[in-house]
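The values are calculated or read from the model by the stated rules, or taken from the named source; none is laboratory data. Everything quoted here is computed from the prediction, not taken from an experiment. Cβ sites come from the backbone with ideal geometry, for glycine too, and all protein chains shown count toward neighbours. Accessible surface areas use protein heavy atoms only, side chains included; no ligands, DNA or RNA. Shrake-Rupley method; radii C 1.70, N 1.55, O 1.52, S 1.80 Å.
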Amino acid sequence: MIAIIDYDAGNLKSVEKAFQFLGEMPLITRDKKELLAADKVVLPGVGSFGDAMGKLHQYGLVEVIREVVDRNTPFLGICLGLQLLFSESEESPRVPGLNILPGKIVRIPDGPGLKIPHIGWNSLELPKESRLFRGVGEGAYVYFVHSYYLKAEDEGMVAATTRYGVKIHAAVERENVFACQFHPEKSSSVGLGILKNFAGLS
């Protein structure tokens, strides 16, 4: 069973529908027992880093997420859910993140012809073999909505990059932890392929 963490950060229904389209029966929940019993867990999210961390603390989900990861349950962060896995964000400077992965979240710098937030389709570069991107071709397009991006400390865990004025670490993969800055649930057949790969992990 795939559990989708409900912490009032939006975007739950579109993620749920994408997994349902793939024949899965996802459960939207914030119940600790249900999350710990799940075969896989997804942390979606849109909004601000600080507000989201506040909600995770409010619902007692910070330690639950860490326990899920420690149990080696496959875990997928999407958009804001990726950002929360890291230690800090320039969006909310005094708010610690989950600190599950090493790196920080920084604002996309202004540049000629760049609109921020970055909203739209960008192509991916895939620097390494990845379980999440199995069957996804180099240069595949996915859908982004964000003003901040990841600078991972360990480039070895970066599974996909893109460019929007700067090089953006668009996805990471380390052991049982996976995360995408883009929205696979809104990225047509490419995104569904990524979610299918996640759903098929053992």
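Remarks
- Output for region 22-45, where each listed residue is part of a strand (DSSP E or B), touching a residue at least 40 places away in the same chain (Cβ under 8 Å) and open to solvent by 10 Å² or more (accessible area, probe 1.4 Å): LYS40
- Each residue in region 55-73 was checked for being loosely packed, with under 15 Cβ neighbours inside 10 Å and over 22 Å from GLY200 (Cβ atoms), and 7 pass.
- Of the criteria (1) touching a His at 6+ places or on another chain (Cβ under 9 Å); (2) open to solvent by 10 Å² or more (accessible area, probe 1.4 Å); (3) under 21 Å from SER89 (Cα atoms), which one TYR143 fails: (3)
- Filtered residues of region 6-21 (kept if within 16 Å of HIS183 (Cα to Cα), open to solvent by less than 50 Å² (accessible area, probe 1.4 Å) and in contact (Cβ under 8 Å) with a residue 40 or more places away in the chain): ALA9, ASN11, SER14, VAL15, ALA18, PHE19
- Here GLU129 clears all of (1) closer than 26 Å to GLU91 by Cβ; (2) open to solvent by 40 Å² or more (accessible area, probe 1.4 Å) except the condition numbered (1).
- Those strands (runs of 3 or more DSSP E) lying entirely in region 105-168 with at least 3 residues aliphatic (A, V, I, L, M): 158-164
- Scanning region 77-94 for residues that are in contact with a strand residue (DSSP E or B) (Cβ under 7 Å, 6 or more places away or on another chain) and either over 18 Å from THR162 (Cβ atoms) or without any contact (Cβ under 8 Å) to a residue 12 or more places away in the chain (or both) yields LEU84, LEU85, SER87, GLU88, SER89, GLU90, GLU91.
- Within region 81-126, the set of residues being within 21 Å of ASP154 (Cα to Cα) and open to solvent by 60 Å² or more (accessible area, probe 1.4 Å) comprises GLU88, GLU90, PRO96, ASN99, LYS104, ARG107, GLU125.
- Close pairs from region 99-113: first free of Cβ contacts under 8 Å to residues at least 24 places away in the same chain, partner hydroxyl-bearing (Ser, Thr, Tyr), Cβ under 6 Å, at least 6 apart: ASN99/SER87
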